[in-house]
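For reference, the structure is listed below as structure tokens.
The values are calculated or read from the model by the stated rules, or taken from the named source; none is laboratory data. Predicted, not measured: the structure shown is a model, and the values here were computed from it. No Cβ is skipped: glycine too gets one built from the backbone with ideal geometry, and neighbour counts run over all protein chains shown. For accessibility, only protein heavy atoms count, side chains too; no ligands or nucleic acids. Shrake-Rupley method; radii C 1.70, N 1.55, O 1.52, S 1.80 Å.
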Amino acid sequence: MPSNPSPTVNQREQYKDQLPKDPKALDNRFPLYLGDWKKSDPRVDDDLAMDNMDEPHMKRKLAILKKHPDIEKLYGHDSRTSLVTIAAAAAQVYFAYLFGRVWTDTFWGFVVFAYVVGGSITALYGVLIHEATHNHAAPTVFLNKLVGLAANIGIPVPIYASFRRYHLEHHTYQGVTGMDPDLPLEWEKKMIRGNAALKLLWLFIYPVMYVVRGAAMKKTPSTWEIYNIIFTITTDVLVAHFCGLRGLLYLFVSLWFGYGLHPGAAHFIQEHYTFDDGQETYSYYGILNKPYMNIGLHMEHHDFTKVAWSRLPEVRAMAPEFYDSMAYHTSWLLVHWKFITEPGYGPQSRLGRSMEDHKTARKQVGKLRRADEHAYEEMALDAQKLKDN
């Protein structure tokens with residue numbers, strides 16, 4: 001039974017004549033690096049869709065830079081991120097004080113404010129932590145780690161250091177089963193499937209999944225993860241002391257809302273859940289990119305991880321044929337709505353690949369970097385040998 005029409009849009013026909021052509025390219029996904037796989041449908045499939053190639057963004061970056069080398073001039077951090085972090089942390093702690101010491105007799109006001117304001121700020125913390133993870137907030141790695149800890153002040157559980165560790169692995173091993181911590185666990189795929197009520201519940205408890213998926217990797221905590229735990233326990237004690245336990249509860253409820261069923265958290269689904277065949281990463285081009293610092297420009301981010309949030313729109317503007325030719329989203333609300341209500345989408349709507357396939361296909365990158373006639377001849381010979389074997 002086919003899925004309903006995709007909620008994504010693209011302008012591939014408009015840009016097809018502007019895309020580079022290279023009939024000798026070894027990787028048949030060139031130049032957009034779209035696969036030939038079909039998305040997983042939980043009504044008929046029991047697992048992820050599978051690909052036999054490496055993640056596409058390293059090769060996309062090389063193809064884009066060959067045509068648009070000036071994109072490298074966009075690399076670098078944006079110090080304004082540090083200022084936003086300080087302001088967001090101060091605001092959330094202030095609100096915790098208000099609900100813990102001043103507005104102590106309101107329940108529904110507490111809940112509504114925690115969702116609308118607290119949840120929105122907490123969703124922004126996720127963006128700030130993401131920027132610090134990629135060293136986009138400050139000029140040195142150490143200073144970025146401090147910014148990440150500062151963003152964790154308004155989140156009452158130690159998230160930053162673990163996110164940094166596992167998110168960088170996600171970029172390196174995107175879609176590699178057993179290595180990409182962003183992939184759903186077995187029970188998520190088997191229990192939820194396309195059931196709307198279960199998907200709604202799954203999104204509601206999504207903050208827990210961040211902890212569970214990290215724990216499933218069974219890794220010893222790193223030094224900075226231990227620092228983060230100590231730092232967060234300290235800030236929680238201080239919040240409880242100065243803002244009261246109700247103030248600390250406000251931070252917990254804001255976290256639950258902001259990382260769960262909230263418009264600012266829809267990018268968790270938007271980024272890599274497969275709404276179209278052959279495409280495993282999606283951008284969102286909508287109004288909420290303004291307050292959420294372009295976190296929706298995920299295709300651009302994966303292609304160019306050295307570009308800070310403020311300059312990601314320039315990447316798209318400089319190479320529109322590589323981005324407007326891809327399927328993309330225009331509404332985070334529609335992302336959640338379609339994902340929940342359409343039985344053809346579920347936690348298993350992701351793409352997987354084996355480590356062996358990823359490594360084998362990634363060996364082409366060195367030759368692609370040379371990008372000369374001789375290199376393409378070598379790749380063609382290698383491809384023929386693989387086919388013969």
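So the values come out like this:
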{"item": "Search result, residues across the stretch 10-69 that are over 22 Å from Gln348 (Cα atoms), part of a loop (DSSP other than H, G, I, E, B) and not charged (D, E, K, R)", "result": "Asn10, Gln11, Leu19, Pro20, Pro23, Ala25, Leu26, Asn28, Phe30, Pro31, Leu32, His68"}
{"item": "Sole residue being within 18 Å of His272 (Cβ to Cβ) and not in a helix (DSSP H, G or I), chosen from Pro158, Pro181", "result": "Pro181"}
{"item": "Qualifying position, being in a loop (DSSP other than H, G, I, E, B), over 29 Å from Phe99 (Cα atoms) and open to solvent by 70 Å² or more (accessible area, probe 1.4 Å), among Lys190, Lys219", "result": "Lys219"}
{"item": "Those residues of the stretch 70-89 which are part of a helix (DSSP H, G or I) and either loosely packed, with under 13 Cβ neighbours inside 10 Å or not hydrophobic (A, V, I, L, M, F, W, C) (or both), in sequence order", "result": "Asp70, Glu72, Lys73, Arg80, Thr81, Ser82, Leu83, Thr85, Ala87"}
{"item": "Filtered residues of the stretch 20-77 (kept if of a type in the set (Val, Ile, Thr) and farther than 22 Å from Arg362 by Cα)", "result": "Val44, Ile71"}
{"item": "Count of residues meeting criterion [open to solvent by less than 10 Å² (accessible area, probe 1.4 Å), within 18 Å of His302 (Cα to Cα) and not in a helix (DSSP H, G or I)] in the stretch 125-155", "result": "2"}
{"item": "Sole residue being at pLDDT 95 or above, over 15 Å from Thr281 (Cα atoms) and of a type in the set (Lys, Arg), chosen from Lys359, Lys338", "result": "Lys338"}
{"item": "Candidate set from the stretch 286-336 (those that are among the hydrophobic types (A, V, I, L, M, F, W, C) and without any contact (Cβ under 8 Å) to a residue 24 or more places away in the chain); member that is surrounded by the fewest Cβ atoms within 10 Å (Cβ to Cβ)", "result": "Ala317"}
{"item": "Ile230 being more than 30 Å from Ser325 (Cβ to Cβ), aliphatic (A, V, I, L, M), modelled with pLDDT of 95 or more and out of contact with any helix residue (DSSP H, G or I) (no Cβ under 6 Å at 6 or more places or on another chain)", "result": "yes"}
